[in-house]
Amino acid sequence: MTRIGRNPVIGAARLTSVLSAIFGLAVGSAVSRMTDGAVGYEIAVLVSAAAFFGLVFGIAALLHRSLDWDEQAGTVSFWRHTVPLASITRVERSLSVGVGTSVSLSYRFVSTEGPSVRILVAGRPLKGLDHEGLDSLRRLVEAAPIAEPALVDELTDEHNVLVDGLSESEGRTAVGKLLLLRELDRLIDPRG
């Protein structure tokens, strides 16, 4: 069984911890003042920081899940659903650019049986997959019967990725196996 993906907060634990501490100091101070000291400053800071960290961790866990791939059985498990690998015929690629240097690349694997899962492939400040995870994801993409999307107005999937990146779809595009394999090869070995 191969697990691909993890909660991105784990990869950015240092950043999340610093932000939680700052939030805890700001909110903990306010809570202590509002309760006229009934709740000690230190306790209010610790509880506020832990609550913020838990909230960020929970939101990230809902947005980006992992999947378990059983190569021998030919199945993929998305959280509570196990589907045949042969049912993974569609992948949506999403590129999100946020404030400053914030950027994330994710793939949503969609089963013909209904369930889907979104994997954070690469990102900043939230980290995506490590080298081992990228390699496992590439093997999964290679093994799955991901269909090439139909040409829209004679555009290839590379052209559609560029067009969707500039449109209101927030860069979400159905892509085929060939584009995914080329992109993962570049992420695994940027010099290649």
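Just a few scattered comments:
- As a size descriptor, the averaged projected area of the C-alpha convex hull of the chain was calculated at 13.6 nm².
- In the chain, Cα pairs under 8 Å separated by at least six residues give a relative contact order of 20 percent.
- Among 6-13, 39-46, sorting by the average number of other beta carbon atoms lying within 10 angstrom of each residue, highest first, gives 6-13, 39-46.
- Axis of helix 177-188 versus longest Cα principal axis of the chain: the two differ by about 50°, to the nearest ten degrees.
- Only protein heavy atoms count here; under a 1.4 Å probe, residue 173 has an accessible surface of about 10 Å².
- Stretchable slack from residue 102 to residue 17, in nm (0.36 nm times residue separation minus alpha-carbon distance): 28.8 nm
- Between residue 3 and residue 42, the FRET efficiency estimated from the beta carbon spacing at R0 = 35 angstrom works out to 0.40.
- Charge context of residue 146, other residues only, Cβ under 10 angstrom, K/R +1, D/E -1: 0
- Whole-number D in µm²/s for region 8-61 (Stokes-Einstein; Kirkwood sum over Cα pairs; 20 °C, 1.002 mPa s): 191 µm²/s
- Rough spin-label spacing in nm, given labels placed 7 Å along Cα→Cβ, for residue 131 and residue 113: 3.5 nm
- Heavy-atom accessible surface of the chain: percent carbon and sulfur, 1.4 Å: 60 percent
- Residues residue 55 and residue 79, FRET efficiency given R0 of 25 Å [Cβ-Cβ distance, rounded to 0.05]: 0.80
- Per-peptide packing, taken as the mean over residues of other Cβ atoms within 10 Å, places 18-24, 71-77 in the sequence 18-24, 71-77 from highest down.
- Positive contributions from Lys and Arg (+1) and negative ones from Asp and Glu (-1), summed over other residues with Cβ under 12 Å from the Cβ of residue 81, come out at 0.
- The Cβ shell under 11 Å around residue 118 holds other residues with a net charge of +3, Lys and Arg each +1, Asp and Glu each -1.
The values are calculated or read from the model by the stated rules, or taken from the named source; none is laboratory data. Quick caveat: nothing in here was measured; it's all calculated off a predicted structure. Methodologically, a virtual Cβ is constructed for each residue, glycine included, from the backbone with ideal geometry; neighbour enumeration extends over all protein chains shown. Areas reflect the complete protein model, heavy atoms only, side chains present, ligands, DNA and RNA absent. Shrake-Rupley method; radii C 1.70, N 1.55, O 1.52, S 1.80 Å.
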